[in-house]
1. If we only count helices (runs of 4 or more DSSP H) wholly inside segment 1-100, which ones have 1 or more residues that are in contact with an Asp or Glu (Cβ under 8 Å, 6 or more places away or on another chain) and at pLDDT 90 or above?
2. Show the residue pairs meeting these rules: Cβ distance below 8 Å; 6+ apart or different chains; first residue within segment 52-65 and within 17 Å of E186 (Cβ to Cβ); second residue modelled with pLDDT of 90 or more and assigned to a helix (DSSP H, G or I).
3. Please go through segment 180-208 and give me each residue that is touching a residue at least 12 places away in the same chain (Cβ under 8 Å), surrounded by fewer than 16 Cβ atoms within 10 Å (Cβ to Cβ) and closer than 30 Å to N64 by Cα, ordered by number.
4. When the residues of segment 218-228 are filtered to those that are buried (at least 17 other Cβ atoms within 10 Å of the Cβ) and either within 16 Å of V54 (Cβ to Cβ) or within 14 Å of the chain's Cα centre (by Cα) (or both), which remaining residue is modelled with the highest pLDDT?
5. For segment 238-285, give me every one of the helices (runs of 4 or more DSSP H) that falls completely inside it and has 2 or more residues that are under 17 Å from I24 (Cβ atoms) and at pLDDT 80 or above.
6. Taking segment 79-105, which residues are crowded, with 23+ Cβ neighbours inside 10 Å and aliphatic (A, V, I, L, M)?
7. Can M157 be described as among the aliphatic types (A, V, I, L, M) and over 17 Å from the mean Cα position of the chain (by Cα)?
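The values are calculated or read from the model by the stated rules, or taken from the named source; none is laboratory data. Keep in mind the model is a prediction, meaning the values are calculated, not measured. Here the Cβ is made from the backbone with ideal geometry for all residues, glycine too, and neighbour counts use every protein chain on show.
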Amino acid sequence: MRLKYFFVLFKNKNLLLLHFIVFIWGWSPILGKLISVQAFQLVWFRILITIITVSVYLIFTKQNLKVSRKDFLILIGIGAVIAFHWFCFYNAIKISNVSVTLVAFATGTLFTSVIEPIFFKRKIIRYELIFGMIIIGAIAMIFKVETRYAWGIIFGMLAALTSSFFTVINGLLIRRIPSPVITIYELSGGFFALTLYLLFAGKFNYEFFEISTRDWAWLSLFSIVGTAFPFIASVNLMKKISPYTITLTVNLETIYGIIFAYFIWKKDESMTPGFYLGTLIILATIFGNGLLKNYLKKQ
């Protein structure tokens with residue numbers, strides 16, 4: 001990143017806000033690990049609290065929530081995918097650690113390079129596939145040296161796959177539906193789908209709702225500050241900052257998360273040299289992809 005960018009950053013309040021939002025997102029997996037409840041509980045309560053928070057925002061802004069029947073069904077369906085995505089992400093953290101999950105989640109670049117052309121009806125870009133192959137090689141390297149975290153890597157990659165899917169679909173929906181409306185319907189769909197699953201699986205019991213005061217505090221902070229606020233703020237920023245700048249900056253979430261986790265849980269988050277080499281390859285590939293896109297766009 002050029003030195004000139006840092007001077008622009010401190011003069012542009014929108015860029016500063018963007019970096020602040022990404023900084024908050026970097027704490028998301030940390031809070032996910034600090035909350036002692038199981039992944040299903042974490043996701044269910046997170047969605048519930050976020051829905052309440054976003055609903056207050058929508059009432060305050062007097063947002064029109066009317067959508068067509070077709071769009072309503074699509075939004076509800078995508079919401080179910082989002083709920084599954086969150087489960088995979090936080091389950092990966094519970095069964096492995098923050099660093100492994102974030103690195104596996106970075107494979108979303110590969111999945112998006114394949115999914116986006118299908119739905120946007122454009123040709124697959126060759127260099128994106130090449131970058132994707134490099135990421136697969138790096139993940140294979142991490143698999144080889146960190147076999148104890150195999151399931152964490154698998155769930156992290158499932159989280160990346162589902163994230164790529166609903167992000168691409170939302171890229172189409174945003175053309176005709178306001179972002180706040182998309183969010184409230186998708187969150188509601190995810191909450192409904194997850195509630196049905198928990199009911200049929202018999203997971204709703206006394207223990208499910210028995211949450212410590214400490215966990216309630218983390219859950220509230222997680223849902224309001226770590227989910228609702230970044231969403232509302234990031235939607236407004238999309239009107240003022242280019243998609244390239246946003247995408248490039250959001251990749252810093254992985255770096256922030258790994259650094260935070262290491263300093264908080266040094267022993268649990270300390271990995272082998274092979275893991276860090278694979279991580280550097282993945283991050284370099286992601287940023288290289290963004291820089292190449294920007295270069296080709298200017299030509």
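1. In segment 1-100, 69-95 are the helices (runs of 4 or more DSSP H) which contain 1 or more residues that are in contact with an Asp or Glu (Cβ under 8 Å, 6 or more places away or on another chain) and at pLDDT 90 or above.
2. Final answer for the pair search is V54/I184; V54/L187; S55/I184; L58/I184; L65/I184; L65/Y185.
3. Correct list: F192, T195.
4. Quick first cut of segment 218-228, residues buried (at least 17 other Cβ atoms within 10 Å of the Cβ) only: 218-219, 222-223, 226-228.
Filter again for either within 16 Å of V54 (Cβ to Cβ) or within 14 Å of the chain's Cα centre (by Cα) (or both), leaving 219, 222-223, 226-228.
Values: L219: 90, F222: 84, S223: 87, G226: 82, T227: 81, A228: 80.
In this case the residue turns out to be L219.
5. 252-264
6. Answer for segment 79-105, where residues must be crowded, with 23+ Cβ neighbours inside 10 Å and aliphatic (A, V, I, L, M): I82, A83, A92, I93, V98, V100, L102, V103, A104.
7. no
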